[in-house]
Structure formats: structure tokens, C-alpha cells
Amino acid sequence: MIRVLVVDDDFMVARIHSGYVSRMPGFGVVSVAHTGADALAAAAELRPDLVLLDIYLPDMSGLEVLKALHNVDVLMISAARDVPTVREAMRGGAVNYLIKPFTAAALTERLQQYADTRKRLTAIGPEARQDDVDRLFGTPKTGTAPMPKGLSAATCALVADTLREAGRDLSATEAAELSGLSRVSVRRYLEYLCVAGQAEFRPRYGTAGRPEHRYRWLG
């Protein structure tokens, strides 16, 4: 379970964000704070994995809170869209930045990316190779096909890791079960990996009906 602290000065907005998080499989809200001081106190006491942090707080800037937090990941959520603020959030170590207003789908995608990255970090082991780091940071390989709109680098890396570590060809259904993603979503990523030259598609013909689509890692 990924433990989340929600920080927003607006009580209703904080409640909405908490609802989004609570509906995400594998996530849970441990507390809600409405000021910077309360956020720092809750983070020190509860030690969450992730903080959803607003910038406009009544007692201090969320950027100040970001700099004061330790041993916790932070997803900035704010209406601030000026480049200096975004740059300062990046320099402060925020894992992502979501501009208000946003849809539930947008927050869900960021949370899924975060969960995927944590999962891959755990799977890497004590030492990382360069290709492991490239996948974590979403660095594309030279000459790879551009990723279609709607696909995320983090989820693509998870599907790629699943296919590579299987050591055999997989159907979209099998890859979905191993990765914990939906079959429809996994198939889109598998098809992209084939276009990018990192996987190959092979039909397997049975005794009757349409052939089964099988995918094998080439990297």
C-alpha cells in the first residue's frame, strides 16, 4: 500500500483529491493537512510514501514545504503555471507537477506512473544498469519510434520489463496478469514495443478459430 498525505488549503478540494487517491488500487490516504506547518508535522509523524502538495498555503509556500520535507516523494498540485515556480519545484525534487484544474484521469495517470516507478525500483535490485536508469527516467533509446499519445513512458517500461523478465513469449492476457494492468492497455504497449523494434509479434495457430497473438522480447 502506498501511503499518501494530501495537503491543500481548500477543505473541499482536499476531500476531492483524497477521494481520487482512495479509489486507486494500492493507494491509501493516511492524513489530510491544510497548512504548511500541519503538513510538515503529519509527514514527520506518519512518514507517508507520497505527498500531494499544493503551493498556495495560508502560512507558507508549498515550495518551502517541499524543501523542508525529507525521505518522502512529492507530487506538486497547484494552479501556479509560471515557469519559475515549475522550475523551483523540479529543483526541489518533486516527482511530478499537476496544474489545476485537472481531471481525475490526469491524477490517476500520475499516480500510476509513480506506482510503476516504485515497482521497477524494487525489481532492479541493489545495483542499476544504465538501461534500468533510462527506463526509470523515461529516456528513449536512440532511433526508437515516438510514443503514441495516451501512452506513458513509465507504464511502457513496466510492460517491457514484464516481457523481458518472462523469458518466453507472452499473450496480452498473460502480460496483463503479470504486470497488474488491463489487457487492453497492455496490448497497446506491446504493439508499440513491436513498432519500436524491442519486441516481436508471432501468431500461434491453434486447432480452430483465430490465431493467438504472442509477443517476445528482443532487447
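Go through region 186-207 and give me each residue that's of a type in the set (Ser, Thr, Tyr), farther than 12 Å from ASP116 by Cβ and part of a helix (DSSP H, G or I). Hit for region 186-207 is TYR192, nothing else. Taken together, the residues in region 97-116 that are in a helix (DSSP H, G or I) and in contact with a strand residue (DSSP E or B) (Cβ under 9 Å, 6 or more places away or on another chain) amount to 7. ARG87 falls short on exactly one of the conditions (1) farther than 30 Å from GLY180 by Cβ; (2) open to solvent by 70 Å² or more (accessible area, probe 1.4 Å); (3) modelled with pLDDT of 95 or more; (4) not hydroxyl-bearing (Ser, Thr, Tyr), and that condition is (3). Restricting attention to region 14-54, which residues are touching a residue at least 40 places away in the same chain (Cβ under 8 Å) and surrounded by 15 or more Cβ atoms within 10 Å (Cβ to Cβ)? The answer is HIS17, TYR20, VAL21, MET24, PHE27, PRO48, ASP49, LEU50, VAL51, LEU52, LEU53, ASP54.
Cβ-Cβ distances below 7 Å connect the following pairs, each with a first residue in region 166-190 that is on the phi < 0 side of the Ramachandran plot, a second residue that is assigned to a loop (DSSP other than H, G, I, E, B) and of a type outside the set (S, T, N, Q), and a separation of six or more residues or different chains: ARG188/LEU151; TYR189/LEU151. On the stretch given as region 99-110, residues that are buried (at least 16 other Cβ atoms within 10 Å of the Cβ) and touching a helix residue (DSSP H, G or I) at 6+ places or on another chain (Cβ under 7 Å) total 1. Where residues in region 137-167 are in a loop (DSSP other than H, G, I, E, B) and at pLDDT 85 or above, which of them is farthest from ASP116 (Cα to Cα)? Once the filter is applied, the top-ranked residue is GLY167. Taking the conditions (1) open to solvent by 20 Å² or more (accessible area, probe 1.4 Å); (2) hydrophobic (A, V, I, L, M, F, W, C); (3) within 27 Å of VAL21 (Cα to Cα) in turn, ALA154 satisfies each one other than (1). In the condition set (1) farther than 17 Å from ASN96 by Cβ; (2) small (Gly, Ala, Ser); (3) at pLDDT 85 or above, ALA128 is compliant with all but (3). Figure legend. Inter-residue proximity from region 62-81: first residues more than 12 Å from GLY93 (Cα to Cα) and among the small types (Gly, Ala, Ser), second residues assigned to a strand (DSSP E or B) and open to solvent by 10 Å² or more (accessible area, probe 1.4 Å), beta-carbon distance below 9 Å, spacing 6+ or different chains. Indicated pairs: GLY62/TYR56; SER78/TYR56; SER78/TYR97; SER78/ILE99; ALA79/TYR56; ALA79/ILE99; ALA80/TYR56; ALA80/ILE99.
Quick check on region 162-171: of everything there that is open to solvent by 10 Å² or more (accessible area, probe 1.4 Å) and under 21 Å from the mean Cα position of the chain (by Cα), which residue is farthest from GLY150 (Cα to Cα)? It comes out as GLU165.
Output the number of residues of region 28-59 satisfying the condition of being closer than 20 Å to ARG110 by Cα and of a type in the set (D, E, K, R). Give the derivation first.
Taking region 28-59 and keeping what is closer than 20 Å to ARG110 by Cα, we get 28-32, 48-55.
Remaining after also requiring of a type in the set (D, E, K, R): 49, 54.
Number satisfying all stated conditions: 2.
Would you say ARG118 is under 17 Å from the mean Cα position of the chain (by Cα) and buried (at least 19 other Cβ atoms within 10 Å of the Cβ)? Answer is no for this residue. Tallying residues that are open to solvent by less than 50 Å² (accessible area, probe 1.4 Å), part of a loop (DSSP other than H, G, I, E, B) and under 18 Å from THR117 (Cβ atoms) within region 70-84 yields 1.
The values are calculated or read from the model by the stated rules, or taken from the named source; none is laboratory data. Only a predicted model underlies this, so the values are computations on that prediction, with no experimental measurement involved. All Cβ positions, glycine included, derive from the backbone under ideal geometry; neighbour counts span all protein chains shown. For accessibility, only protein heavy atoms count, side chains too; no ligands or nucleic acids. Shrake-Rupley method; radii C 1.70, N 1.55, O 1.52, S 1.80 Å.
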